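Reading through the structure tokens given below for one structure.
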Amino acid sequence: MKLTSFGASEGVTGSCHLLEVNNSKILIDCGTFQGGKEERDKNDEPFGFDPSTIDHLIVSHAHIDHIGRVPLLRKRGFRGQIHSTRPSYELARLSLLDSANLIARSTQWKNKKRKEAGEPLLQPLYDEEDVLDVIEQWAHNQIKYGEKLNICEGVDLTIKDAGHILGSGFLSFDLKEGKESRKFIFSGDLGNIDKPIICDPTTPEEADFVLMESTYGDRDHVPFSQSISDLETAVLETFERGGNCVIPTFALERAQELLYVLHEMWKDGKLPDDVKIFLDSPMAISATRIFENHRDFYDKHAHALLEKGGNPFQFPPLTYTRATRDSISINDVQKNAIILAGSGMCTGGRVIHHLKHNLTRKECGVIFIGYQARNTAGRKILRGDKFVTLYGESIPTNSEVYVVNGFSGHAGRKELTSWANSTKSNNIFVVHGEPDTKIEFTKHLKSHTNASNIKVMPHAKAIDLLSL
Ligand SMILES: [Zn+2]
């Protein structure tokens, strides 16, 4: 009975853990390494195990750092079963097709340079066909929250709501080898409390061994009510100046949460009568359709709203602009528009066009609600650069810039600690965090839980669960 981490153990991304029980091999997540070149280069490297020997893959949720290498796993020989919740499967289909498209474009660009330099051409990591093949393989095994499933000899799996994104789960395993049994819980990514639409994370049961994330293990979040009021201020101030709001938005979860909050503001009569809200991202529109089809995953507030006839995804000022011509027509609106468009860090996509049109106008407002990584246009605007280069053109940044914190999809330190305490586990191993954060969080757990064996999960080194 062994557990080995092959990803998210050295950094935050590339979640991938191998559980071996009896003679079965169960892989937990198979995500993309994201970040700088050094991290991205890891995606092409061998997995550290033979994909053709994996019997089952279990997916905690549909973020690309948890699913991004699943098509590659199949391409390299994996033919086992894939288990997840239904929304995870549907969102994964969307994200992986998008990922194949991004890989194709980036390979094409690199090969253009290589051809000029007379270097051998690269093959894409995977393509659309690989994605469609793996999606077909995935279509058969969807699990409901709380349903215990025997997936192979000595391995029972239960997925419980992690409150992170639609369909996200933490994975609870009842393991048996001979006369020995162990309870193992993998946290996946745990959500923040009081988030719109989805439920708060479920309280975990007692466990012998816990592998948990630590993304925000070194800090606490501002309460979500504060975030809503900050967003309201940013929008209303911008409208008072006679401008538009541009919100660079991540397509999955963040866009839907924003629509929910904007619907609340509109319903409460806080927005002007002629307000227009645009969701200008084909991927976010498709993700929203998936949200609409899975109302059984909503929390009680979202259910109460629907019962009263409200709908955060269909209300008068909201327009979905999937077609390019509809997106372009937003340029004609000079004031009282809220434009949600990707990418979330202004690294490409339709938000660039909206920034070009609105950044130059001092009456407009750019509202950042998500993390802006180093060297992105988003970070440059955020830190107050006077000009920013967008699609090769230098654009003056005259508009107001607002930052709204607290929309994070991850639990803060307080919630992570309380979740860990509920497991009453004596063995807590930490993954999925920056190296310093992981160390900081293990220190915090040592003084705030009764567990005596708290460690950073080692990379590619098996932990014998029976020895604990
Ligand atoms: Zn995630």
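Relative to the longest principal axis of the Cα atoms of the chain, helix 254-267 runs at roughly 50 degrees. Ordering of 51-61, 347-357, 304-314 by packing is 51-61, 347-357, 304-314, highest average first (other Cβ atoms within 10 Å, averaged per residue).
Using 1/(1 + (r/R0)^6) with R0 = 30 angstrom and r between the beta carbons of ASP127 and GLN314, what's the FRET efficiency to the nearest 0.05? Numbers along the way, then the final one.
Numbers: r = 35 Å, r/R0 = 1.17.
The pair ASP127/GLN314 has a calculated efficiency of 0.30.
Against the main long axis of the alpha-carbon atoms of the chain, helix 86-117 sits at an angle near 80°. So the label point goes 7 Å from the Cα of ASN101 along Cα→C-beta, right? Which residues of the range 308-326 then have their backbone N under 16 Å from it? Under cut-off, by backbone N: 321-326.
Centroid-to-centroid, using Cα positions, the range 430-453 and the range 325-345 are 43 Å apart. Between HIS294 and PHE387, the FRET efficiency estimated from the beta carbon spacing at R0 = 45 angstrom works out to 0.55. Stokes-Einstein diffusion for the chain at 25 °C, viscosity 0.890 mPa s, with a Kirkwood radius from C-alpha pairs, works out to 106 µm²/s. Placing unit charges on each Cβ (+1 for Lys and Arg, -1 for Asp and Glu) gives the range 224-403 a dipole about its Cα centre, and among SER225, ALA323, THR360 the Cα reaching farthest toward its positive end belongs to THR360. For the chain, a crude dipole built from +1 on the beta carbon of Lys and Arg and -1 on the beta carbon of Asp and Glu, taken about the Cα centre, is about 840 debye to the nearest 20. Only helical runs count toward this figure. For the chain, summing -39,500 (n - 2.57) over DSSP H runs of n ≥ 4 and dividing by all residues gives -10000 deg cm²/dmol at 222 nm. Full extension of the segment from ASP274 to ALA323, taken as 0.36 nm per residue of separation minus the current Cα-Cα distance, would add 15.4 nm.
Using alpha-carbon pairs under 8 Å, 6+ residues apart, how would you state the relative contact order of the range 299-415 in percent? Can you show the working numbers first?
Numbers: 115 pairs, mean separation 24.1, N = 117.
It comes to 21 percent, rounded to a whole number.
Report the net charge of residues surrounding VAL404, where surrounding means a beta-carbon distance below 12 angstrom and charges are Lys +1, Arg +1, Asp -1, Glu -1.
Numbers: positive: ARG254; negative: ASP230, GLU232, GLU257.
So the surrounding residues net to -2.
Over all directions, the projected convex hull of the C-alpha atoms in the range 224-403 averages 10.0 nm² in area.
In straight-distance terms, cross-link reach from LYS455 covers every one of the lysines whose alpha-carbon lies under 19 Å from its own, apart from those fewer than eight places away in the same chain; here that gives LYS2, LYS183, LYS414, LYS424, LYS438, LYS443, LYS446. For the pair SER229 and LEU466, label points projected 7 Å from Cα toward Cβ lie 5.7 nm apart.
When only the Cβ of Lys, Arg, Asp and Glu is charged (+1, +1, -1, -1), the dipole of the range 195-243 relative to its Cα centre reaches about 300 debye.
FYI, it's all coordinate maths here, none of it is from the lab. Note that the structure is a prediction, hence the values are computed from the model and not measured. Using ideal geometry, Cβ is built from the backbone for each residue, glycine included, and neighbour counts are taken over all protein chains shown.
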